[in-house]
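The values are calculated or read from the model by the stated rules, or taken from the named source; none is laboratory data. Quick caveat, the model's predicted, so the values are computed rather than measured. FYI the Cβ positions are ideal-geometry reconstructions off the backbone, even for glycines, and counts take in every protein chain you see. Note: areas computed on protein heavy atoms with side chains; ligands, DNA, RNA excluded. Shrake-Rupley method; radii C 1.70, N 1.55, O 1.52, S 1.80 Å.
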Amino acid sequence: MKNLSEKTKNILIGVVVVAIVIAAYVFLIGGEDKNETELLVVAGTTAQAPGAQVGGMVAILNQLKFLTIDTDIFPDSALIESLEDFRIKISPEAKGRDNPFLPVGEDAS
């Protein structure tokens, strides 16, 4: 009698372990939906060449150049006006070699 309960107990443990393994597989690996893996989905867009995407990004960034912030919405506008501009002007420099990886003295033609 005791031997039968040990056998039943082992079968039950085996079934539970198999169920846990299957559940872990489905949760971690299986059941991925392609829409869930995409970070951004835009409806109605078509595939574009990378150059077209960069051009669109440049257009958006150009629109941001003219962005202004109404400082009247901030309670202490004197604090905002006291902020300093720490930008550094970068002077244009002469163009370097066409292929900087060629040994010195060799022409890139």
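Considering region 68-80 alone, what residues qualify as being open to solvent by 100 Å² or more (accessible area, probe 1.4 Å) and at pLDDT below 80?
The answer is 69, 72, 73, 75, 79.
Among the listed residues 94, 23, 52, identify the single one that is surrounded by 10 or more Cβ atoms within 10 Å (Cβ to Cβ), at pLDDT 85 or above and of a type in the set (A, V, I, L, M).
Within the list 94, 23, 52, the selection yields 23.
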